[in-house]
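The values are calculated or read from the model by the stated rules, or taken from the named source; none is laboratory data. This is a predicted model, so every value here is computed, not measured. Virtual Cβ from ideal backbone geometry, glycine too; neighbours counted across all protein chains shown.
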Amino acid sequence: MLDLDTCYRVLELEPGATLEEVNRAYRDLVFIWHPDRIPKDNTRLIEKAQEKIKQFNEARDQLRQHIARHGSQTSQRAASQQQTYRSSPPRYQSNPYTYRSYHAPREPQQTTQHTYSQHHNHTYGTYQRQRTAAPPPPEPPRTTPPHKDMSGVNLQGANLSEKDFEGRNLSHANLSYADLSDAFLHRVILHRANLRHANLFRANLLQADLSYADLQEANLIGADLSGADLRGADLRGAKMSQGNRLLVKLTGARLTGAIMPDGHVHT
């Protein structure tokens, strides 16, 4: 198991990095070092990349757990301090057996006497009302969708830039006009998904299932589709090149039956 300093060093981060920074660093490094991006005949470099990916996974998991624990402990300490402050009596009630009423008129020999029992009940009742009225602590912001099965979800036009959807099931989902630029979509399932006019600029779609997906007019410039399943996908009008230069990585992609940007069916 890697120690925290090593985890930060593996992901090229400074100590104290946020969860969002950890996830972004992980996505960037996996994108660079993924074995599918390396020629199959270079076994030495593939083995090195596999070891790198293993380290990235372990470092990310360790830091996620550390950040979750640290955030929970901080919330607990803040709640404890707030509860102690609320339950303590006001300063002018420092003597629970007898004191001058705070709002009483300052006339000679006119004091308000209270018993210990009355003071205790008053303080406890105030504490109970304050505790009941206190709002729950806010949930931490999500950096990834809450469930792995998101089939059929409607995310039309959503801003999903740089989001992490690794391994999630988005089959039949409506992602038309969605911004998925720089999104981490490694091994995501987008079978028969609607991605018309979606922005997939520089998206990581390594080994993604895009079979029979509708990618008409989608922006795929800079996307990595290495090992992706594009069989039967509709790519008519999709932006994949500039002039005669292909700007999409399709190493090992399956394209049988796919309708290419110019309208011809790939065989």
Exercise for the section: Give me a count of the residues in region 11-36 that are buried (at least 17 other Cβ atoms within 10 Å of the Cβ) and more than 18 Å from D164 (Cα to Cα). Expected result: 3
Fill in the blank from the handout: Picking from A213, A178, the residue that is at pLDDT 95 or above, buried (at least 19 other Cβ atoms within 10 Å of the Cβ), farther than 16 Å from D28 by Cα and within 20 Å of the chain's Cα centre (by Cα) would be A178
Problem - Residue that is nearest to D36 (Cα to Cα), among those in region 237-257 that are among the hydrophobic types (A, V, I, L, M, F, W, C) and buried (at least 18 other Cβ atoms within 10 Å of the Cβ) - result: A253
Handout entry: Pick from region 222-232, criterion part of a loop (DSSP other than H, G, I, E, B) and in contact with an Asp or Glu (Cβ under 8 Å, 6 or more places away or on another chain), ranking: surrounded by the most Cβ atoms within 10 Å (Cβ to Cβ)
Key = A228
Problem - Residue that is nearest to A208 (Cα to Cα) [pool: residues in region 237-257 that are touching a residue at least 24 places away in the same chain (Cβ under 8 Å) and small (G, A, S)] - result: A253
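Quick check on D262: is it modelled with pLDDT under 95, of a type in the set (D, E) and in contact with a Phe, Trp or Tyr (Cβ under 9 Å, 6 or more places away or on another chain)?
Details: modelled with pLDDT under 95: yes; of a type in the set (D, E): yes; in contact with a Phe, Trp or Tyr (Cβ under 9 Å, 6 or more places away or on another chain): no.
The answer is no for D262.
Residue-by-condition table, conditions (1) in the same structural domain as A253 (by TED's automatic domain parsing); (2) at pLDDT below 90; (3) touching a Leu at 6+ places or on another chain (Cβ under 6 Å):
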position	(1), (2), (3)
E12	no, no, no
N23	no, no, no
F31	no, yes, no
R37	no, yes, no
E51	no, no, no
E58	no, no, yes
D61	no, no, no
Exercise for the section: Scan region 211-236 and report the pairs whose first residue is within 29 Å of W33 (Cα to Cα) and whose second residue is of a type in the set (A, V, I, L, M) and outside any loop (DSSP other than H, G, I, E, B), with Cβ atoms within less than 7 Å and a gap of 6+ or a chain change. Expected result: L235/I259
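Could you please find all residues in region 27-45 being part of a helix (DSSP H, G or I) and within 14 Å of L206 (Cβ to Cβ)? Walk me through how you get there before you give the answer.
Initially, region 27-45 is screened for residues part of a helix (DSSP H, G or I), giving 27-33, 35-37, 43-45.
If the condition is that a residue be part of a helix (DSSP H, G or I) and within 14 Å of L206 (Cβ to Cβ), then R27, D28, L29, V30, F31, I32, W33, P35, D36, R37 are the ones that fit.
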Exercise for the section: Examine region 192-209 for a residue that is surrounded by fewer than 24 Cβ atoms within 10 Å (Cβ to Cβ), basic (K, R), in contact with an Asp or Glu (Cβ under 9 Å, 6 or more places away or on another chain) and over 24 Å from K40 (Cα atoms), and state whether such a residue exists. Expected result: yes
